[in-house]
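The values are calculated or read from the model by the stated rules, or taken from the named source; none is laboratory data. Keep in mind the model is a prediction, meaning the values are calculated, not measured. Counting neighbours? That spans all protein chains shown, and the Cβs are built from the backbone with ideal geometry, glycine included. Remember, those area values only see protein heavy atoms, side chains included, never the ligands or the DNA or RNA. Shrake-Rupley method; radii C 1.70, N 1.55, O 1.52, S 1.80 Å.
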Amino acid sequence: MERSDRRYRRRKPFFLFIIAALFALGAVVMFLWNAILPDIAAVSALTYWQALGLLLLSRILFGGFKCRPRNHRGPFAHPRFREKFMNMSREERINFRNEWKERFKR
């Protein structure tokens, strides 16, 4: 119980920082839009809430702000896979890599 309480206390400032950064980013979008676009193109100025909506819309359309695991190091970071891979012979490793490449072509 004590351990989870500590973990929550550590995460709380992080979430507050994320919320504050989101609102600050909305203000930056509003400022840049209102400073640049009305003079260049025939568009009206944005309110703060429209800027936040525009930020959300761009997130939906373009897929920005990706939240990925911080310590994602691929499938071979797991000790079981690493041990299995290290115990393979050279030929088995080569065959495994070739099969992996064939399966997951990019």
**Message:** Where the second residue is part of a helix (DSSP H, G or I) and open to solvent by less than 60 Å² (accessible area, probe 1.4 Å) and the first is aromatic (Phe, Trp, Tyr) and lies in segment 27-48, which pairs have Cβ atoms under 6 Å and are six or more apart or on separate chains?
**Reply:** Tyr48/Met30
**Request:** With the condition kept exactly as written, say whether any residue in segment 35-51 is over 25 Å from the mean Cα position of the chain (by Cα), in a helix (DSSP H, G or I), among the small types (Gly, Ala, Ser) and surrounded by fewer than 12 Cβ atoms within 10 Å (Cβ to Cβ).
**Result:** yes
